[in-house]
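As structure tokens, the structure follows; a few thoughts come after it.
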Amino acid sequence: MPSVYIKTYGCQMNERDSETVAAQLVAKGYTLAPAETMADVILLNTCSVRDFAEQKAIGKMQNIVAETRRARPGVVLGFMGCMAQSRGQELIDQLPDVDLVLGTQKFHRAADYVGELLAGTRQKIVDVAEETGSEATIREHILNGSAKKSVSAFVSIMQGCNQYCTFCIVPYTRGGERSRTIPDIVAECRQLVAEGVREITLLGQIVTSYGKREIPVRDGLSGFVQLIEAVHEIEGLERIRFTSPHPKGYGDDLIAAYARLPKLCESAHLPLQSGSDRILKLMHRGYTRERFATIIEKLRAARPNIGITTDIIVGFPGETDEDFEQTLDLCRQVRFDNAYIFKYSERRDTPAALMPDQVPQAVREARNAALLDVINGIGREKYDAYIGQTVEILVEGPSKKNAARLTGRTRCNKIVLFEGSDRDQGQLLNLKITRTGSFTLYSGTHADPNRLVV
Ligand code: 5AD
């Protein structure tokens, strides 16, 4: 059977989409190639959030074309995901060696299309149409890939976004919000737990809007909190996470859920984007800096050790030095555990790309560096405070960089590297933190006899 190699750019949603496509192909008898050089089918799952991500995928495809076309003309080459959706046929016009362009509502068609292309019954396929019900098609998992058993799984609960932040291409690449049903999601989670998964991350472009139109509020609980409660009831599941939420979705019902539901990990990724009310308004974010700070205060009141991370854009059109100061100021006030900083990137079809006062690249760079300094400084203090503390970690497997080490995550979503053995895989361990690196915790306490929790 032919082999397939999928390279994924971008977010966890993309990782999940790639997994489902890989699983479909494996179910049809394909093997997964360890490298593109050996594959009969090469698929790039793309990201459009910034121009840089698009250019990376296009550059990669150009290299692949140069390497494979002459030596192995039968190899099927495809783009899928967000850039495939937004550029469609244009990608084949630009790169005529590409055979397949598969949009974000068509992942479940991948195996059929690849089969047709390999068999030569079709020469080129571009499918970026909308498809009713496609939100429920991201469901196959690979739990026993590359000789390791997964303890942690992603579950897609919804697709799309209706927020239309003025900088963001996602509503155009992922479409409008569509949610799966609670019973459908719970059935998938149950199956995963039955197969050994102990941690589930609920995924969507704006998970806090889950079920907004489909599921009525019950006892003051939004559809999203009802879903978390239903997943929480699954016996054998130890940890629940979700990403990515929108701050405006942090109602009191969700904050109370953190206090009430022990499996809901004390961790939140809460995208701030800017600390300036004027910029937040131009971004169409729907909250103020004060409201954002209040949400964090409430979360910390519910779970004092909660780990909080964020996304911030620097150099949004019209952002002045004063606006940027406001962002720095809010970061110093809130003290995030970590932040992903993005230099604003003009995206086609988005309102911000047409706004006046685009910020010069050099200013975007300078603000990026200045904010990084603040975030890194606070992060270091927060991580160093863990030295000497004992934390519960779920062991995921060997570390990618150093196979002699194992890697796991704390409930607050911090990565811990430690020396352990194969039998630690999938276990919950209590480990004492002995030192820290850049946004990493280390533990060397292999000898601690009390470290097994379960
Ligand atoms: N330019 C820069 N960063 C962006 N993001 C989204 N759109 C853009 C853009 N046009 C960032 C936001 C979002 C993260 C996933 O990517 O911070 O939260």
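Every read-out reported here was derived from the displayed coordinates using simple, explicitly stated rules and does not represent laboratory data. Small disclaimer: the values here were computed from a predicted structure and weren't measured. FYI the Cβ positions are ideal-geometry reconstructions off the backbone, even for glycines, and counts take in every protein chain you see.
In the chain, the DSSP beta bridges split such that about 35 percent are antiparallel, to the nearest 5. Across region 226-332, the mean sequence separation of Cα contacts (distance under 8 Å, 6 or more residues apart), normalised by length, yields a relative contact order of 31 percent. Along each principal axis, taking the top coordinate minus the bottom one, the Cα set of region 231-282 gives 46, 18, 14 Å in descending order. For region 41-75, the residues whose backbone nitrogen is under 13 Å from a point 7 Å from the Cα of Q361, taken along Cα to Cβ, are 51-52. Cβ distances below 4.7 Å define possible disulfide partners, and in the chain the cysteines left without one are C11, C47, C82, C161, C189, C265, C331, C412.
Taking Lys and Arg as +1 and Asp and Glu as -1, the other residues whose beta-carbon sits under 10 Å from that of K382 total 0. Near R139, once Lys and Arg are set to +1 and Asp and Glu to -1 for all other residues with Cβ below 13 Å from its Cβ, the sum equals -3.
Once you have the Cα-Cα distance between Q389 and L261, take 0.36 nm times their residue separation minus that, and quote the gain in nm to one decimal. Going from the current span to full extension adds 43.7 nm. Think of each Lys and Arg Cβ as +1 and each Asp and Glu Cβ as -1; about the Cα centre, that makes the dipole of region 250-295 roughly 160 debye.
Its Cα centre serving as origin, region 25-117 has a Cβ charge dipole (Lys and Arg +1, Asp and Glu -1) of approximately 160 debye.
Remark: the N144-Q191 segment gains 15.5 nm on full extension, using 0.36 nm per residue and subtracting the alpha carbon distance.
With θ taken as phi - 60° and the Karplus curve 6.51 cos²θ - 1.76 cosθ + 1.60 applied, the whole-hertz 3J(HN,Hα) list for region 43-49 is 10, 10, 8, 9, 10, 10, 4 Hz, x standing for glycine and proline. Using only the C-alpha atoms, the convex hull of the chain corresponds to 148 Å³ per residue. The GluC sites (Glu not before Pro) of region 163-245 that meet both conditions, a loop assignment by DSSP and at most 16 other Cβ atoms within 10 Å of the site Cβ, are E195, E214, E233, E235.
For region 155-255, the share of DSSP beta bridges that are antiparallel, to the nearest 5, is 30%. Positive-end ranking of Y383, Q85, V101 along the dipole of the chain, with charges on Cβ about the Cα centre, is headed by Y383. The alpha carbons of region 8-56 give a radius of gyration and a Dmax of 12.2, 36 Å, in that order. For the chain, the relative contact order comes to 10 percent (Cα pairs under 8 Å, sequence separation of at least 6). Using R0 = 41 Å, the C-beta based FRET efficiency linking N430 and L372 works out to 0.80. Working note: 222 nm ellipticity from helices only, DSSP H runs with n ≥ 4, each -39,500 (n - 2.57), summed and divided by the residues of the chain, gives -10500 deg cm²/dmol to the nearest 500.
With a Cα-only, solvent-free Debye model of region 175-264, what are the log10 I(q)/I(0) values at q = 0.12, 0.15, 0.21 Å⁻¹? Log-scaled intensity ratios, in q order: -0.34, -0.53, -1.06.
Derived from the Cα gyration tensor, the three semi-axes of the equivalent ellipsoid of region 3-118 are 19, 17, 13 Å, largest first.
Across region 292-304, computed HN-Hα scalar couplings (Karplus, 6.51 cos²θ - 1.76 cosθ + 1.60, θ = phi - 60°) run 4, 5, 5, 4, 5, 4, 5, 5, 6, 5, 6, 9, x Hz from first to last residue, x flagging Gly and Pro. A simple spin-label model places pseudo-atoms 7 Å from Cα toward Cβ; at E116 and I415 they are separated by 4.0 nm.
Once C-alpha pairs closer than 8 Å and six or more residues apart are averaged by separation and normalised to the residue number of region 275-378, the relative contact order reads 33 percent. The charge dipole of region 135-273, taken about its Cα centre with unit charges on the Cβ atoms of Lys, Arg (+1), Asp and Glu (-1) only, comes to about 300 debye.
Estimated at 0.36 nm per residue, the fully extended path between E297 and A129 surpasses their Cα-Cα distance by 56.2 nm.
Annotation for region 120-158: trypsin sites (Lys or Arg not before Pro) lying in DSSP loop with at most 14 further Cβ atoms inside 10 Å of their Cβ are R122, K124, K148, K149.
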